[in-house]
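Before any comments, here is the structure.
Bear in mind these aren't lab numbers, they're just calculated from the coordinates by the rules spelled out. All values reported here derive from a predicted model rather than from experimental measurement. Ideal geometry is used to build each Cβ from the backbone, glycine not excepted, and the neighbour counts take in all protein chains shown.
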Amino acid sequence: MHGFSYQNGALYCEDVELDGLAEEYGTPLYVYSAGTIVDHFTRLDAALSGIDHEIAYAVKANSNLSVLRLLATKGAGFDIVSGGELFRVIKAGGDPAHCTFAGVGKTREEIVYALEQGIYSFNVESEEELRYLNQVAGELGVVAPAAVRVNPNVDAKTHKYISTGKSENKFGVDFEAIPGLYERASKELSHIRLRGLQMHIGSQLTSVAPFIEAVEKVAPMVRDLKERYGIEFWSIGGGIGIVYHGSLESGTPDWWETKSEEERPLTIEKYGQELVPRLKGLGVKILLEPGRYVVGNAGVLVTRCLYEKKGSAKTFKIVDAGMNDLIRPALYEGHHEIVPLSEPKSGERVKVDVVGPICESGDFFCQDRALPDFQPGDRVALMSAGAYGFVMASNYNSRPLPAEILVEGDTATLVRKRQTLDDLIEGEL
């Protein structure tokens, strides 16, 4: 599942000891396993080998240039949601012709930049956006490739903040409105090339059922759009869930048997077995937009315990990472396993809150969780922090952003320097 394990009593990323990295580069510190990223990408690619497909990595999950470069070398396309992400992909050696541009609020500047770079397709979220794209393309004297995002009104049964495929979400065009929109666009928008259709129903899905429901609902529409307008691709989105609970023990049968169906991971093999037969015969290329699946379990956030505070109601372990470094627990109750860098010698646990230094009550990584009794000065790792970790970090409380390390085998490379205090005020007057 990932490249992190205890070796000789110490937690390693592949063949590099994490405590040594923390000693050299300080904490908080993000560490990524290149081997895990490549393994997850290639396994997903193999699971879809029975159909014409392309994996467009969702840059928003982790946009470090070295991560993007690693995936580009393996043949990945890229799903972008801003002009800045397109800029990153290009700087990392990615091909704009294999980029799809999603998002509900593209600006004129972003549209012009993407057209100039020759992206594969704009994934359009409304008729108004499609008409504006046509206007901008006309002013530039070019034709813009586009796919409309259909909202299939399928409940992904995930957290409300990461559900995107229901009619009350802000994303996409209502299922029933798609045929009319494509007909109007084909007749009225001379600077639009209708290249495909796109959908995405949500993130962190742990069951294949919502994927099946969405694919079976939209597939007849894809056939019709191909026949009428010659579309060449169907992007079925991302959303494949990962293991957040028990992430160090996830390879053991005993761990699997103790988990409920909701906590068990959706395997890529199951995903491929169920979806490939339903996607065959459509005559279009299938695009996928995985992000979390590729990088989520490939990263950890290393932090050091500063203090222990015992009160009448709770015991707090105060660490030097905060919600500005990893906001998932505060934002949508995200779970991260917390493990010491030194392997515990006993199974004893104490119930604690692990909290950061930010002046917010929401600045916690867990509450009332039974953990090994690590002490001030000890370092711990927040597991499964490779996706929506650093990319959502901020300078709140004027805290410098952490460094990032990419590990390949026994080689650790600094791929982002830790911010300095001078960096905090750069650009301010």
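Using only the alpha carbons, work out the radius of gyration and Dmax of the stretch 81-130 in angstrom.
Considering the stretch 81-130 through its Cα atoms, Rg and Dmax are 10.3, 33 Å.
Please arrange 320, 325 by how many other C-beta atoms lie within 10 Å of their C-beta, fewest to most.
320, 325
Which order do the peptides 337-350, 212-225 take when ranked by the mean count of other beta-carbon atoms within 10 Å per residue, highest first?
212-225, 337-350
Tell me, in nm to one decimal, what length is gained between residue 216 and residue 267 on full extension, where the rule is 0.36 nm per residue of separation less the Cα-Cα distance?
16.4 nm
What number, in percent, do you get for the relative contact order of the chain if the mean sequence gap of Cα pairs under 8 Å and at least 6 apart is divided by its residue count?
Worked out over the chain, it gives 20 percent.
Can you tell me how the stretch 1-157 classifies by the Cα gyration tensor, rounded, prolate or oblate, using a/c under 1.5 as the rounded cut?
Prolate, because a/c is 1.5 or more and a/b exceeds b/c.
Which angle between 0 and 90 degrees, to the nearest 10, do you get for helix 268-279 versus the longest principal axis of the chain when only C-alpha atoms count?
The helix 268-279 is inclined about 10 degrees to the chain.
Of the GluC sites (Glu not before Pro) in the stretch 369-429, which ones lie in a loop per DSSP and count no more than 10 other C-beta atoms within 10 Å?
Hits after loop and neighbour filter: 426, 428.
Using a basic spin-label model with each label point 7 Å from the Cα along Cα→Cβ, how many nm lie between residue 23 and residue 429?
A separation of 4.8 nm, rounded to one decimal place.
Extension gain residue 69-residue 107, at 0.36 nm per residue separation less the Cα-Cα distance, in nm? List each step's numbers first, then the result.
On the way: separation 38, 0.36 × 38 = 13.68 nm, distance 2.63 nm.
Full extension from residue 69 to residue 107 adds 11.1 nm.
Can you check what the Kirkwood hydrodynamic radius comes to for the stretch 310-358, Cα pairs only, in Å to one decimal?
Working: mean 1/r = 0.0793 Å⁻¹.
After inverting the pairwise mean of 1/r, the radius is 12.6 Å.
Could you give the nm distance between label points at residue 395 and residue 419, where each point is 7 Å from its Cα heading toward the beta carbon?
So the label points at residue 395 and residue 419 sit 0.5 nm apart.
For the stretch 349-425 and the stretch 100-149, compute the distance between their C-alpha centroids and round to whole Å.
Cα centres, the stretch 349-425 to the stretch 100-149: 37 Å.
Summing Lys, Arg as +1 and Asp, Glu as -1, what charge do residues with Cβ under 12 Å from the Cβ of residue 96 carry, residue 96 excluded?
Numbers: positive: 88, 91; negative: 85, 95, 116.
Net charge around residue 96: -1.
As an exercise, take the mean of 1/r over every pair of distinct alpha carbons in the chain, invert it, and state the Kirkwood radius in angstroms.
22.8
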